[in-house]
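A.B. asks: I am attaching a structure below and will ask some questions about it afterwards.
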Amino acid sequence: AFKQSSGGAKPPGMWKTMLGVLSSRQSISHPENLQTTRGYHLLWTGMGAQLARDVPFSAICWMVLEPTRRHLLGLLAGEQSNAAVIMGANFSAGFIAGVISSGATCPLDVAKTRRQIEKDPARVLSMNTRRILLEVWRNEGINGLFRGAGPRMARAGPSVGIVVSSYEVVKHIMHRKHAEL
């Protein structure tokens, strides 16, 4: 990820960047070369922040998904259930769970993104999720912590809905096929 391009120049592509990171052999004694000397370690920049976001996201998502799904299936399915009812109930429950969990973990997503795109090598080494969150809070307030929440929730809702409903419909069809045998 690049914060800005220099002079309107096109940033390097994925393969050029990857090869540059993996083939770097410069001296670590020069701080200006720190990003290239860390080589493949740069690929792991922000992993702690990623986990700090994804673990709570998944926990919230499943805690919201299961009761919502059971409630919707109880309202819609009754005694008879078909693939369309299962898909609708599971998509709706997944959508709700995705929106709630992505909104709740948005500050952690902001911290992860800022950690991953930081360009200052000295700052990269001293950053952690807690420090980033405090810095954003001090400089930008609540708006900074929830920057990008709308697009993130707009992506996560349908994404979780599609994954959950696809899985549950395939499971339903396979159970029906197995019962016919």
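A.B. asks: Provide the packing ranking of 89-96, 61-68, 166-173, i.e. peptides ordered by the mean count of other C-beta atoms within 10 Å per residue, highest first.
C.D. replies: 89-96, 61-68, 166-173
A.B. asks: Roughly how many Å² is the accessible area per residue of region 52-180, as a whole number, for a 1.4 Å probe?
C.D. replies: I get 58 Å² per residue for region 52-180.
A.B. asks: Here's another thing I want to ask about it. Once you keep just the Cα pairs under 8 angstrom separated by 6 or more residues, what percentage relative contact order results for region 52-180?
C.D. replies: 36
A.B. asks: Right, another one. Mind pulling up the Rg/Rh value for region 52-180? Radius of gyration and Kirkwood radius, both on Cα.
C.D. replies: Rg/Rh: 1.16.
A.B. asks: Which percent of the accessible heavy-atom area of region 52-180 goes to carbon and sulfur, probe 1.4 angstrom?
C.D. replies: 64
A.B. asks: Something else: For 119, 177, 16, write out the residues from largest to smallest accessible area, computed with a 1.4 angstrom probe and no ligands counted.
C.D. replies: Correct descending sequence by accessible area is 16, 177, 119.
The values are calculated or read from the model by the stated rules, or taken from the named source; none is laboratory data. All values reported here derive from a predicted model rather than from experimental measurement. Don't worry about glycine lacking a Cβ; one is built from the backbone with ideal geometry, like all the others, and counts go over all protein chains shown. Protein only, heavy atoms only, side chains kept; ligands, DNA and RNA dropped before computing areas. Shrake-Rupley method; radii C 1.70, N 1.55, O 1.52, S 1.80 Å.
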